[in-house]
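In what follows, a single structure is set out as structure tokens and then discussed.
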Amino acid sequence: MDVSIAQAKDDNIKAGKSGLLLISDNYDAFATRVLAARSAVRTLDLMYYLWHDDHTGRLLLQEVFRAAQRGVHVRMLLDDVNPRTNDSAYLALSSHPNIDLKLFNPSGVRSRGIARSIEVLLRLFALTRRMHNKAWIADDNLAIVGGRNVGDAYFDAAETNFRDLDVLMLGPAVQQTAQIFEAFWNCEDAKSIAELGSATQITNANLFEGSEADTESPLLIGIGDRGSIAEFIAASNDVHWVERVRVISDPPEKVRGWRRRSWLMKELLPIIQSARFCLEIVSPYFIPGKRGSATLSDLVGNGVDVAVLTNSLAATDVAAVHGAYANYRKRLLRNGVKLFELQPFSRQPKISVFGSKGASLHTKAFSVDDKTGFVGSFNFDPRSVSLNSEMGVLFEDEKMVAELRHRFQSEISPEASYRLELRNNVLHWHGCDEGRLQNYIHEPEAGILRRIMATLVRCLPIESQL
């Protein structure tokens, strides 16, 4: 890193400012995690809702394992929602002397079968409460927080990929993130995999060694010229040094129904209601409910320009959530809230090396006026408000909010999203395909099964679980 850049970084941190870098590009998101793991010398603390056992999931797991081989102390906290057939990979990791692995809110029956099914039925409501947090912390010097889980769809390595957003942080905000990790790591709902009495045993702990063929992955080859994480950050001209930053989270006890179930929403709601001229919300799963709809409508009544971007039925990965959201569209449009829905196909000029073409929104963010922004794991839906634990980065900085708003405007362009309009009580979707304006009066490009699922959910009393 250039000496002058390093000195500027040190001066800003000493002044109590945090360095924030928005990461929207999926390849950059993968690269920052790899480089942070490779640059770590003391600790790696990782907490994730999902860590898929796919190409990118295994590549990142290998980077973590190699860091442990160098002597880095690794702590991994994963929600037990991860879809694994058994615990062999977890046990292999935790058998390494430098790796500690815990599962959050785990099922007591580790083997698949009737006993597991019975436990799910008996603990149905307890097991639906999950740790939705996402954080990658290296040496307590760098943290990555945002909407991305670990898996191919988050890093442009799948057929359909997520549009998502992370914040890479330096300075005091990293310590705030580390404190959140410690709270979850030490809570009684985080259980060591070794304590769960897994029925699956392993014969060796070398599960992640010797996979040199994976160094040929296009994702890793593309990182070859990035250097270290410090060089990656230094090469970016978009690091914002911000004084007013808070990394906030629900307490881990939220999953037990303790300590104000909607803690994070109670932090965010006054900020949203403080909007005076502009509120822009991005949420892939958007179910505002009656109170949320009233809040947004009241803001419009007070002269605030309110716009929401969510997934279209064709783009969403959870059709049931879209069905619940659909109940609020006409009400919101009548009251002046602007609605946009992401189109299901990426029409951006960039083509993935894996041949991906589909697009689905996964960003969770909002901006208030030109001064306040938020990026995190929090969806505007009942599950994030009342059931899951969530976290995110709240900041006040005009330049960074301007960057967030610029991204929003790009995402709601006619080439990327449909603009909804209510005409004679009939919904219309307006978009653009290869320069041609399109107008639909039914859910555009959505298959029959998705339409049926969404219609059924609209009639069922299950909104609180979505």
Relative contact order (%) - criterion: Cα under 8 Å, at least six apart; region: the stretch 248-320: 30 percent
Relative contact order %, the stretch 246-465, counting alpha carbon pairs below 8 Å whose residues are six or more apart: 25 percent
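So if we plug the beta-carbon distance of Gln273 and Gln438 into 1/(1 + (r/R0)^6) with R0 = 35 Å, what FRET efficiency do we get, rounded to 0.05?
So, using R0 = 35 Å, E works out to roughly 0.45.
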Sparse-neighbour loop sites [GluC sites (Glu not before Pro); the stretch 377-448; at most 15 other C-beta within 10 Å; DSSP]: Glu415, Glu434
Under 13 Å from the Cα of Lys134 - aspartates and glutamates, other chains or at least 8 residues apart: Asp45, Asp79, Asp164, Asp166, Asp250, Glu390
Computed E for Val41/Lys371 - FRET, C-beta separation, R0 22 angstrom, nearest 0.05: 0.05
Mean projected area in nm² (Cα convex hull; one quarter of hull surface) for the stretch 246-465: 13.3 nm²
DSSP-defined antiparallel bridges as percent of all bridges, the stretch 246-465, nearest 5: 75 percent
Mean-position separation - Cα centroids, the stretch 229-268 and the stretch 275-314, in angstrom: 21 Å
Relative contact order %, the stretch 393-452, counting alpha carbon pairs below 8 Å whose residues are six or more apart: 19 percent
When each of Lys254/Lys399; Lys9/Lys254; Lys338/Lys399 is checked by Cα-Cα distance, pairs over 26 Å: Lys254/Lys399; Lys9/Lys254
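Taken together, the values in this text are just the output of simple stated rules run on the coordinates, not laboratory data. Everything quoted here is computed from the prediction, not taken from an experiment. Positions of Cβ are backbone-derived with ideal geometry, glycine not excepted, and every protein chain shown enters the neighbour counts.
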